[in-house]
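Peer 1: This is the structure I have questions about; it appears just below.
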Amino acid sequence: QVQLVESGGGLVQAGGSLRLSCAASGSIFSIPVMAWYRQAPGKQRELVASITTGGNTNYVDSAKGRFTISRDNAKNTVYLQMNSLKPEDTAVYYCKADMVVRSYWGQGTQVTVSS
């Protein structure tokens, strides 16, 4: 079983930056895909960014050019660097570990961007 703990959320003004961290309880070296999702009030949870063991990344269109996902296998941590934040980025951000047989979710961290 993998436990994921997100941190780094908070309140920031539009145009600002935040770096989210997702710390795993065990090794993430062999986890095929690590990802960040977000869920805004009244909306469905959506994929923001993902990264494979090989370092291949994928982003939702609205995050391209502003967000960067990375993984540090030595620290068992995945990061989401978010720049040029917009009010529409306001949401709870969740970390997800996609393994072969099941997936694991963190508890989420709130990101609020004021205009």
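The values are calculated or read from the model by the stated rules, or taken from the named source; none is laboratory data. Just so it is clear, the structure is predicted and the values come from calculations on it, not from any experiment. Ideal geometry is used to build each Cβ from the backbone, glycine not excepted, and the neighbour counts take in all protein chains shown. For accessibility, only protein heavy atoms count, side chains too; no ligands or nucleic acids. Shrake-Rupley method; radii C 1.70, N 1.55, O 1.52, S 1.80 Å.
Peer 1: Would you give the gap between the C-alpha center of the stretch 42-110 and the C-alpha center of the stretch 8-33, rounded to a whole Å?
Peer 2: 7
Peer 1: Could you tally the net charge around Val78, taking each other residue with its Cβ under 10 Å from the Cβ of Val78, Lys/Arg +1 and Asp/Glu -1?
Peer 2: +1
Peer 1: In addition: Please give the direction-averaged projected area of the C-alpha convex hull for the stretch 24-90, in square nanometres with one decimal. Each step should come with its number before you reach the end.
Peer 2: Working: hull surface 20.1 nm².
Over every viewing direction, the Cα hull of the stretch 24-90 projects on average to 5.0 nm².
Peer 1: Average projected area of the Cα convex hull of the chain, in nm²?
Peer 2: Values: hull surface 26.7 nm².
That works out to 6.7 nm².
Peer 1: Continuing with this model, one more query. Below 24 Å, Cα to Cα, which lysines can Lys64 reach? Residues fewer than 8 away in the same chain don't count.
Peer 2: In chain and number order, the partners are Lys43, Lys86, Lys96.
Peer 1: Rounded to the nearest 20 Debye, what is the dipole magnitude of the stretch 1-101 about its Cα centre when Lys and Arg each give +1 and Asp and Glu each give -1 at the C-beta?
Peer 2: On the way: 10 positive and 7 negative charges, 15 e Å.
In total the dipole reaches around 80 debye.
Peer 1: Give the carbon-plus-sulfur fraction of the accessible surface of the chain in %, rounded to a whole number; probe 1.4 Å, heavy atoms of protein chains only. Each step should come with its number before you reach the end.
Peer 2: Details: 2880 of 6020 Å².
Exposed carbon and sulfur together represent 48 percent of the surface.
Peer 1: In addition: Kindly report the accessible area of the stretch 38-115 per residue (heavy atoms of protein chains, probe 1.4 Å, no ligands, DNA or RNA), in Å². Intermediate values should be presented prior to the final figure.
Peer 2: Working: 4160 Å² over 78 residues.
So the stretch 38-115 comes to 53 Å² accessible per residue, rounded to a whole number.
Peer 1: Same structure, new question: For the residue pair Asn58 and Arg45, what label-to-label distance in nm results when each label sits 7 Å from Cα along the Cα-to-beta-carbon direction?
Peer 2: Using points 7 Å along Cα→Cβ, the separation is 1.6 nm.
Peer 1: Once the piece of chain linking Arg102 and Glu88 is laid out straight, how much longer is it, given 0.36 nm per residue of separation minus the C-alpha distance between them?
Peer 2: Working: separation 14, 0.36 × 14 = 5.04 nm, distance 3.05 nm.
The span from Arg102 to Glu88 would gain 2.0 nm if fully extended.
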